[in-house]
Amino acid sequence: MTGNLAMVKSEAPRRGSIAPLKNVMTLMMLIETLKDRGVGLPGIGVFSGDSGYGKSVAAQYAMNKTGAVYIEIRHYWRQKRFCEALLEELGQPRPRGTVAAMMDEIIHRMGDAPNRPLIIDEADKLVDGKMIEFVRDIHETTQAPVVLIGEELLPKKLEAHERVHNRVLDFRLAQPCDLEDTVTLAGFLVPEVAIAEELLDDIRKQTAGKARRIATTLHEIGQFARNHGLKDLDRASYTGRIFTGETPIRRRGGRI
């Protein structure tokens, strides 16, 4: 085979583990910044970026590493459901009471461990649902580090809520995967296949560096290699799909 090979480990990663991509490390550094902040400084951080960059995966890694409270906001949630879900994550199995009573309990429980981070995924929905002030109340009362994770426009949305925006210590942007990240993912997801860097770079470009699409393509590569009895692949030998995110278009004759 011609071309550079991204040689990957022969040993498969442990089930449930997460590839240490740059966005994972960026989120971990943000959390450490919030935890180590000086007295009197605000403790809210914002981690934002386009869908598919691996922000939620990074959040799960951070939760496991730091013992953070993690909650993912749903589109249909309102104030009471937000409080119930957060209390459940804090160890109360069947939350009851008014919104005010549940907020008091949340603050009490989080106040017992003020250095334990709170990670809120899909935080855009808190802004859209007019619940973002709940986060400010929690942070102000407990001083716990709070990370808001959301789409690219989350920082802009927060500008409309000055009291929250003023309490953001740091904004970090999730980035598309570069070639090094793509090589890492290949070694992590298909360690049994040696993949030429030129093919990996082509995958990175065609997927716009979105970790989710790269991972889906690498799964396809693993299937392709097994089906064809191959241990290494380059651009010439790989004729399978690359998941670009483009919608398939039906061509003449009924073929896609």
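What to note about this one:
- Ranked by the mean number of other Cβ atoms within 10 Å per residue, highest first, peptides 91-102, 174-185 order as 174-185, 91-102.
- Residue of E246, E105, E220 that the Gaussian network model of the chain assigns the largest fluctuation, springs spanning Cα pairs under 10 Å: E246
- Net lengthening on full extension, Q175/R81 (0.36 nm per residue, minus Cα-Cα): 30.7 nm
- The chain - Debye-derived log10 I(q)/I(0), Cα point model, q = 0.09, 0.11, 0.16 Å⁻¹: -0.50, -0.69, -1.09
- Look at the Cα gyration tensor of region 28-153: its axes a ≥ b ≥ c give a/c of at least 1.5 with a/b at or below b/c, and that counts as oblate.
- Estimated 222 nm signal from helices in the chain, with DSSP H stretches of n ≥ 4 weighted -39500 (n - 2.57), rounded to 500: -13000 deg cm²/dmol
- The distance separating the Cα centre of region 200-229 from that of region 121-137 comes to 35 Å.
- The chain - charge dipole about Cα centre, Lys and Arg +1 at Cβ, Asp and Glu -1, debye rounded to 20: 820
- Total lysine pairs under 20 Å (Cα atoms) in region 98-256, excluding pairs fewer than 8 apart on one chain: 4
- Partners of K65 within straight-line reach, counting aspartates and glutamates whose Cα lies under 13 Å from its Cα and excluding those fewer than 8 residues away in the same chain: E32.
- Cβ-based net charge around Q175, under 10 Å, with every Lys or Arg adding one and every Asp or Glu removing one: -1
- Averaging over all projection directions, the Cα-based convex hull of region 20-68 occupies 3.6 nm² in the image plane.
- Inter-probe distance in nm under a simple model that places probes 7 Å from Cα toward Cβ, at N115 and V39: 1.6
- Order by protection proxy (mean Cβ within 10 Å, highest first), peptides 227-237, 42-52: 42-52, 227-237
Read-outs: derived from the displayed coordinates by stated rules, not from any lab. Keep in mind the model is a prediction, meaning the values are calculated, not measured. So basically every Cβ, Gly included, is an ideal-geometry build from the backbone, and we count neighbours across all protein chains shown.
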